[in-house]
1. Mind checking which of Leu209, Leu151, Gly193 is farthest towards the positive end of region 120-235's charge dipole, using Cβ charges of +1 (Lys, Arg) and -1 (Asp, Glu) about the Cα centre?
2. Might you report the magnitude of the Cβ-based charge dipole of region 168-252 about its Cα centre, with Lys and Arg at +1 and Asp and Glu at -1, to the nearest 20 debye?
3. Taking the Cα-to-Cβ direction at Asp336 and at Leu310 and moving 7 Å from each Cα, how far apart do the two end points lie in nm?
4. How much area per residue is accessible in region 103-208 when the probe is 1.4 Å and only protein heavy atoms are counted (Å²)?
5. Compute from the Cα atoms of region 222-302 the Rg and the Dmax, the latter being the longest Cα-Cα distance, and quote both in angstrom.
6. Within region 1-83, list the GluC sites (Glu not before Pro) lying in a DSSP loop whose Cβ has at most 14 other Cβ atoms in a 10 Å radius.
7. Using a probe of 1.4 angstrom, how much of the accessible area of the chain is carbon and sulfur, in percent?
8. So which trypsin sites (Lys or Arg not before Pro) in region 43-104 are both in a DSSP loop and have at most 10 other Cβ atoms within 10 Å of their Cβ?
Amino acid sequence: MHVVLADPPAFTPPYDHELAAALARSGAAVELVTAPFRFGLRPTPTGYLLEESFYRRSSRIERRRLRLAVKALEHPPAMRRLVHRQTDVLHLQWLAAPEVDFALLRTRTPLVFTAHDLLPRRTARRTRLWRTLFARFDRIVVHSERGRETLAALGVPGDRLRVIPHPVFRSDPPRGDDGRTVLSLGVIRPYKGLEDAVEAVLRLPDARLLVAGDPRIPLDALRAKAGDRAEWRLGYLGCHALEQALSEATVAVFPYRAELDQSGALLQTLGAGVPAVVYDVGGLGEVVERFSAGRVVPPGDVDGLEAAVLGLLDDSAALEAAREGARRARETLTWDAAAEAHLDLYREIV
């Protein structure tokens, strides 16, 4: 089977790479079509072909306004070329310009879409637009039962929805934590709830917060509030920096708001055997509860976040049980299993 995976904005290179490589291991002929990644090195293709045909000019422009203007001009012809490729299945991971893509996504090729964020933040209120877009796809992948329920409530027919859990990003960093380090990992955006993480850690005796990620919001006020109780490793994390942060983490926190289905950063921490405390939004609570890999707290409950983290830091038996749960997730949520589930889905529509 010939499969074209497409991530036009290059939002998730690690996910794209792992899925493409796993599909190739399962016998599919795979092409990954995406854009140059502006923030670091992309994983080396393994068993699949990589084509960076989106935004070749704009990705080299540093000035944001000019970059976005050139990107807007590049998008329609690149998208037209994508939908006219000869392939058995075209599987889009992200839509870079949904306001335009609803008119461009017209092809006889079977179409699949993975709703990583369910309804992306910038256009989340435009439900009519997303109903039109979802209707263009033969199948839509979500990562959780809650994601399935959310899109079904929006009007997506149940026979088009498939739940394929997000695999973990497996790693084996040396365990070097001090028993009191709380990790906040990933790109720092407004919905990540970093202010709740700072508040919870400041209430915990002897705990420290390690913030590791690329900031997309102002941090001066939070840094002043956290003082010497927090360490800030800001910027895009390469493999070594990511491994170092995971090595030092006793537990990770994800006090997110309800704007996504699953978190790649959460799957990074579980894949390293680090337990997590999460707000029960999207599919975050599902994966932590399924494997008993930490604690699940009601959204926005800073008191609950504090108590859950403290319960792991102060109880060595509970912490070890949560670590064992993270290791179970690592053994179960594999990329090869996800690839087989995707191939089964593709066979339904080819």
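The values are calculated or read from the model by the stated rules, or taken from the named source; none is laboratory data. Quick caveat, the model's predicted, so the values are computed rather than measured. Counting neighbours? That spans all protein chains shown, and the Cβs are built from the backbone with ideal geometry, glycine included. We work out accessible area using only protein heavy atoms, side chains counted, and drop any ligands, DNA or RNA first. Shrake-Rupley method; radii C 1.70, N 1.55, O 1.52, S 1.80 Å.
1. Leu151
2. Details: 12 positive and 13 negative charges, 39 e Å.
Here the size comes out at about 180 debye.
3. Those two pseudo-labels are separated by 4.4 nm.
4. Roughly 45 Å² per residue, with all protein chains present.
5. Expressed in Å, the Cα Rg and Dmax of region 222-302 come to 13.3, 37.
6. Those that pass, being in a loop and sparsely packed, are Glu62.
7. 51
8. Sparse-neighbourhood loop trypsin sites (Lys or Arg not before Pro): Arg63.
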